Structure formats: structure tokens, C-alpha cells
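The values are calculated or read from the model by the stated rules, or taken from the named source; none is laboratory data. Keep in mind that this is a model prediction, so the values were computed, not measured. Every residue, glycine as well, gets a Cβ built from its backbone with ideal geometry; the counts of neighbours run over all protein chains shown. Heavy atoms of the whole protein, side chains included, go into the accessibility calculation; ligands, DNA and RNA do not. Shrake-Rupley method; radii C 1.70, N 1.55, O 1.52, S 1.80 Å.
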Amino acid sequence: GLPVLVKDNQAVAGVRCTAGAPMHATRIAATTHPLVEALEAAGGVVLGVTNMPEHAAGSHTFNPVFGATHNPHDLGRTAGGSTGGGAAALASGAAWLATGSDLGGSLRNPAAFCSVVGLRPSPGRCPQSDAAPTAWRGRWGLGLHAVHGPMGRTVEDVALLLD
């Protein structure tokens, strides 16, 4: 199968899923996120989970559980966020494909910071989860705008993951 990295807010059953938050530092996922299920059904193999800011809220990938993710091209610079862990892993050659999430640039910004490709798909294009915080979905109405999507080292890699 094709190895894929998943963002730490996309659960994989039996694997630690912290969302970068101390309150979830020891949580083991009981279920698998629908996007990860779709990738596994298509032959993808989860290689690992990537770092992100706490609850994916931030343009710099740092959290109190795992610390900061640095830009592999210049360790003195940020990998961006919130999918900075995936972007840094791709740029360092650790993998070809990664998943991420995006509300205000969380796939696109770290991709640009790390010289890889991130695509924010249209809402509904990639499987979503109902596990987003209630405030995001309800009071703030962000559930309609937040999406999960692909990141890769090339446009062709992103197209492969999106397909």
C-alpha cells in the first residue's frame, strides 16, 4: 500500500490522538476518522501521525505535548501551521503524502513555508467527521468551512491522494 501520514486531529483507531492538547495527551482513538478510513480502503497505509498546534488553532506548529515543528529547510524558521507537521515531514523526505485540515490556510500556508503542495478542497470533497468541537459547528458556524485535505511533495502526489 501507499504510505500516508495523518494529522493528529484525524483519529486512527488504536493510535494516540492528542490534537496537540495536554488534556488529550494520553488519549487512544477508539474510531478512525472517515478520511483515514477512505485512504485505507483505497490501499493507503498510515505511516504515522504528524504534529499540529493545539486543537489546530494556530499558524505556527507548536503545542505543549510535542513542542515545535521546525522548517526542515531552515531549522530557525517555522514550518507554519496548522498542518506544519505534515509539511515538514514531506519537505524532509520522510513521506510522499500527508493529510491535513484547513479553515484559514492550515494546508496552504505550511505547504508554502516548506516548499511542498497543499490543497484546500471544496467542502464535501473529502470525508469529514462530526467530531469537530460543537462551538465550531454551531455557534461559530465554522463546521461548514473547515475541510480535510491532501498535502504532497508534488501536484501529482496531491492528485493521487485526492483521487
Legend entry - Per residue value of the accessible surface for the chain (all protein chains in place, 1.4 Å probe), Å²: 48 Å²
Legend entry - Highest to lowest packing among 113-119, 69-75, 58-64, scored as the average C-beta count within 10 Å: 113-119, 58-64, 69-75
Legend entry - Residue-span extension gain [residue 30 to residue 159] - 0.36 nm each, minus C-alpha spacing: 43.5 nm
Inset, instruction - May I ask you to give the percent of accessible area on the chain that is carbon plus sulfur, with a probe radius of 1.4 Å? - result: 58 percent
Inset, instruction - Taking 7 Å along the Cα-to-C-beta vector as the label spot, tell me the residue 68-residue 94 distance in nanometres, rounded to one decimal. - result: 1.7 nm
Inset, instruction - Divide by every residue of the chain the summed helix terms, -39500 (n - 2.57) for each DSSP H run of at least 4, and state the resulting mean residue ellipticity at 222 nm, rounded to the nearest 500 deg cm²/dmol. - result: -5500 deg cm²/dmol
Legend entry - Net charge of neighbours whose Cβ lies under 15 Å from the Cβ of residue 96, counting Lys and Arg as +1 and Asp and Glu as -1: -2
Inset, instruction - Mind putting a number on the dipole of the chain about its Cα centre? Charges go on the C-beta only, +1 for Lys and Arg and -1 for Asp and Glu, and I need it in Debye to the nearest 20. - result: 340 debye
